[in-house]
Structure formats: C-alpha cells, structure tokens
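Engineer: Shown below is the structure under consideration.
No value in this document is a laboratory result; all are computed from the given coordinates. Model, not experiment: these values are computed from the prediction. Positions of Cβ are backbone-derived with ideal geometry, glycine not excepted, and every protein chain shown enters the neighbour counts.
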Amino acid sequence: MTDIDTTSIDASALAEIVGYTWQAFVGEELGEPCPVATSAGSSPCATISIGGNWTATLAVTMAPELVAQFASALLACPADELDPADVSDAFGELANVVGGNVKGLIEDPSATLSLPVVSATPPAITGGQLTLQVGFEVAGHAMTWELWERV
C-alpha cells in the first residue's frame with residue numbers, strides 16, 4: 001500500500017491531458033471521450049511506466065492509420081514519406097508526453113518515468129491492475145488509453 005495521493009488521476013484528468021497533447025501536436029481537438037471499444041489486440045501500442053513510491057504503466061493503443069496521422073503531424077511530413085522507425089518514435093513520444101503529465105499529477109519526489117516502448121500489439125501488463133480507461137474516436141479510428149497500477 002502506498003501513501004501517495006493518486007486521486008487526481010481520474011478519467012477526466014487523463015482525457016484532458018490527452019486532448020491537450022493531441023491538440024498541441026496535431027492541431028485538432030479530440031472531442032469528448034467515448035466508450036472504450038473492445039480491441040482484437042492487433043493495434044499498435046505505446047507504453048510508459050511510472051516508478052517511485054507509486055508505480056503504474058500507461059498504455060495507448062490506436063489504429064495504424066491514426067499512429068501515422070499523429071507521426072505525420074508531429075514530424076511535419078506526409079505519412080507516406082515517413083520511415084517506420086520515425087512513426088514508432090513519434091508514437092512513443094505521445095506516450096512519453098502524456099505519461100510525464102500523469103506523473104506530474106502525483107506528489108512523489110521519487111517518481112521516475114521510463115523510456116517509452118512501442119509494440120505491434122498491446123503487451124500483457126504483468127503485476128498490474130487496470131484502474132482507468134479512456135477512449136476517443138478520431139477520424140473513425142479508436143484510441144484507447146489505459147492506466148495499470150502495480151499491485
């Protein structure tokens with residue numbers, strides 16, 4: 001059990017962080033969160049872990065087309081001209097920025113942020129309990145954010 005106050009990390013706070021980040025990088029508003037769609041587990045995923053007195057993993061899963069749209073906007077380059085490594089790096093940066101803002105919501109001087117990990121499909125979060133999910137629909141594609149607290 002931790003004595004870190006994580007009550008400021010809720011669905012509305014996460015949605016606000018994601019919305020602000022998306023607008024800053026892509027220049028488009030996300031709109032209101034929507035119900036999280038059940039995934040077939042075949043979408044790319046970027047994860048970032050928060051360490052310290054409270055530990056958690058934040059994961060974002062979205063359609064490859066949406067990942068490419070984000071990378072194109074972030075790198076100011078047409079999606080069809082991007083190298084797959086650049087797309088992966090951009091996707092990891094999205095998780096990094098949102099994860100850093102989530103980390104900023106807790107008052108834990110020992111808190112750390114890992115490097116982002118990008119995978120072709122969502123990984124199993126070992127030792128974690130899903131405590132928060134926020135979904136968005138962007139241009140007909142699902143974007144899902146999950147927070148897995150370590151128990």
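Engineer: What relative contact order, as a whole-number percentage, does the chain give when Cα pairs under 8 Å and 6 or more residues apart are counted?
Structural biologist: 35 percent
Engineer: Taking 0.36 nm per residue of separation and subtracting the Cα-Cα distance, what length does fully extending residue 81 through residue 115 add?
Structural biologist: Numbers: separation 34, 0.36 × 34 = 12.24 nm, distance 2.56 nm.
Stretched fully, the residue 81-residue 115 segment lengthens by 9.7 nm.
Engineer: State to the nearest 20 debye the size of the charge dipole of the stretch 11-150 about its Cα centre, where the only charges are +1 on K and R beta carbons and -1 on D and E beta carbons. Show your work: numbers first, answer last.
Structural biologist: Numbers: 2 positive and 16 negative charges, 99 e Å.
Taking the Cα centre of the stretch 11-150 as origin, the dipole is about 480 debye.
Engineer: Moving to a separate point now. Take each uninterrupted DSSP H stretch in the chain, measure its Cα extent along the helix axis, and return the ones at 24 Å or beyond whose mean Kyte-Doolittle hydropathy is at least -1.0.
Structural biologist: On the way: long enough: 84-104 (30 Å, 0.16).
Helix filter hits for the chain: 84-104.
Engineer: State which stretch of the chain is the longest one without any exposed GluC sites (Glu not before Pro), exposure meaning a DSSP loop state and at most 16 other Cβ atoms within 10 Å.
Structural biologist: Working: sites that count: 28, 29, 107.
Excluding the exposed sites themselves, the longest stretch runs over 30-106.
Engineer: Near the amide H of residue 55, under 5 Å away, which other amide H atoms are found, from residues 5 or more places off or on another chain, if H is placed in the peptide plane?
Structural biologist: 150
Engineer: Mind checking the full-extension length gain between residue 20 and residue 34? Use 0.36 nm per residue of separation minus the Cα-Cα distance, one decimal, nm.
Structural biologist: Values: separation 14, 0.36 × 14 = 5.04 nm, distance 1.64 nm.
Gain on extension, residue 20 to residue 34, equals 3.4 nm.
Engineer: Determine the sum of side-chain charges near residue 128: Lys and Arg each +1, Asp and Glu each -1, restricted to other residues whose C-beta is under 10 angstrom from that of residue 128. Walk me through the numbers on the way to the answer.
Structural biologist: Values: positive: 150; negative: 146, 149.
Taking every Cβ under 10 Å from that of residue 128, the sum is -1.
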